[in-house]
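The values are calculated or read from the model by the stated rules, or taken from the named source; none is laboratory data. Quick caveat, the model's predicted, so the values are computed rather than measured. Here the Cβ positions follow ideal geometry from the backbone for every residue, glycine too, while neighbour counts run over all protein chains shown.
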Amino acid sequence: DLVKDEDLSILEDLGAGNGGTVTKVWNKKRGCVMARKLILVDAKPSVRKQILRELQIMNDCSSPYIVEYYGCFSVDVHVGIALELMDAGSLDHIYRHNGPVPIDIVGKVAEAVLHGLLYLYDVHRIIHRDIKPSNILANTQGQIKICDFGVSGELINSIANTFVGTSTYMSPERIQGAPYTIKSDVWSLGISLIELALGRFPFSDSPEADPEEDDEEEEEYDPDPTLPLNTQRPKLDALKHERRKSKGVSLGGGGHTMSILDLLQHIVNEPAPRLVSKRKTFPSEAVTFVENCLYKDPAERKSPQELLASDWIVKSKVTQEDLRAWALSLSSVNKENK
Ligand code: ATP
Ligand code: MG
């Protein structure tokens with residue numbers, strides 16, 4: 001049976017985004033841990049009911065590459081969603097606490113995300129729309145899964161300003177107003193893979209910037225009242241990156257801060273980023289794979305099926321046991337077990 005809020009008791013905070021907060025909870029009824037996401041939804045009861053109905057689609061989603069759904073409910077001004085707890089956390093937390101993700105592991109992340117995207121699209125005709133490292137999660141069984149896909153149109157509408165706005169992982173065609181396709185998700189995957197491999201967000205105004213020379217000041221978020229809210233969202237996303245950079249362990253980036261509109265313009269007008277670093281040489285199969293994700297023309301960009309058939313994925317020797325060992329070796333995971 002579906003989980004209700006009264007079954008859950010709070011254990012600890014797992015993180016917060018622009019649209020919600022996620023808490024580790026104990027399910028008293030089932031005797032297991034879960035993740036509970038609370039999303040602030042400013043909507044009347046009828047719309048709220050519609051959202052809860054639409055979220056039930058997640059109940060039919062069953063794949064080893066999709067974070068499992070256990071139920072949803074109203075909690076005063078919030079909509080709550082009970083999800084499978086991914087005990088190694090999101091890939092953005094992982095690289096921020098442990099440094100760049102080893103390139104062979106990044107390959108398995110790519111494979112899992114592609115399987116997840118194909119499952120959602122082929123079985124449910126759902127386009128994810130929000131692929132980024134914080135929506136890719138790992139566990140200590142050595143599994144990698146995606147979450148936070150756009151199932152409820154009503155939910156997207158009710159929180160459009162802060163939740164599914166423009167983001168810096170958006171493809172050039174989306175920035176220019178083209179509709180979402182599965183190829184837009186492929187672009188976001190390409191950007192995410194570079195971010196994991198480099199340990200920093202790939203866009204900056206000085207592409208060859210040296211992480212060690214990073215000494216920029218933290219900026220305050222100051223919403224511009226002249227901009228519509230959904231153009232302020234990318235500002236939040238970009239600012240989160242800037243914040244994380246200035247706090248991060250082995251992170252770096254540009255010496256200067258690019259404004260969000262400059263950044264969106266940059267994505268549209270400049271060549272796509274590539275998987276290159278002054279410090280490391282990446283395998284050519286990985287470089288080619290990422291290149292194939294980041295063709296600016298969606299017609300040239302490879303499809304998930306084509307990408308799954310590429311050398312980097314097919315020739316990978318990484319097993320689930322290796323992924324398990326990697327997840328267990330993360331200091332961010334070990335800390336919790338001590
Ligand atoms: P944004 O709101 O910009 O999309 P986000 O994805 O980080 O950012 P949330 O989706 O609210 O925001 O998630 C907040 C954090 O909670 C994530 O970064 C992740 O680390 C953690 N988290 C989310 N779901 C789970 C889960 N099922 N298991 C473990 N941790 C999770
Ligand atoms: Mg998320």
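Points to keep in mind about this one:
- Here L91, L55 are screened, and the one residue that is touching a strand residue (DSSP E or B) at 6+ places or on another chain (Cβ under 7 Å) and within 27 Å of A325 (Cα to Cα) is L91.
- Residues being β-branched (V, I, T) and either surrounded by fewer than 19 Cβ atoms within 10 Å (Cβ to Cβ) or modelled with pLDDT of 90 or more (or both) - total across the range 247-269: 3
- Near pairs, Cβ below 8 angstrom, 6+ apart or cross-chain, from the range 135-157 (without any contact (Cβ under 8 Å) to a residue 12 or more places away in the chain and within 21 Å of T168 (Cα to Cα)) to any residue that is within 11 Å of ligand 1 (Cβ to nearest atom) and assigned to a loop (DSSP other than H, G, I, E, B): I156/F163; I156/V164
- Just one of the listed residues (D214, D237) is over 14 Å from the mean Cα position of the chain (by Cα) and at pLDDT below 70, namely D214.
- For Y70: the one exception among (1) closer than 30 Å to G199 by Cβ; (2) modelled with pLDDT of 95 or more; (3) within 12 Å of ligand 1 (Cβ to nearest atom): (1)
- Test: residue in the range 4-13 that is basic (K, R) and either without any contact (Cβ under 8 Å) to a residue 40 or more places away in the chain or within 15 Å of ligand 1 (Cβ to nearest atom) (or both): no
- Any pair with Cβ under 6 angstrom, 6 or more apart, that starts in the range 268-291 at a residue that is under 22 Å from V113 (Cβ atoms) and ends at one that is part of a loop (DSSP other than H, G, I, E, B) and basic (K, R): A272/K296
- Flag for T168 being part of a loop (DSSP other than H, G, I, E, B), over 28 Å from N27 (Cα atoms) and either at pLDDT 95 or above or of a type in the set (S, T, N, Q) (or both): yes
- No other residue among A327, A299, A272, A286 is of a type in the set (A, V, I, L, M, F, W, C), surrounded by fewer than 17 Cβ atoms within 10 Å (Cβ to Cβ) and modelled with pLDDT of 95 or more apart from A299.
- Residues that are within 14 Å of ligand 2 (Cβ to nearest atom) and in a helix (DSSP H, G or I) within the range 59-92 comprise L91, D92, listed in sequence order.
- Number of positions in the range 113-137 that are away from ligand 2 (no atom under 16 Å from the Cβ) and either in a helix (DSSP H, G or I) or crowded, with 23+ Cβ neighbours inside 10 Å (or both): 8
- For the range 30-46, the count of residues that are on the phi > 0 side of the Ramachandran plot and away from ligand 1 (no atom under 11 Å from the Cβ) is nonzero.
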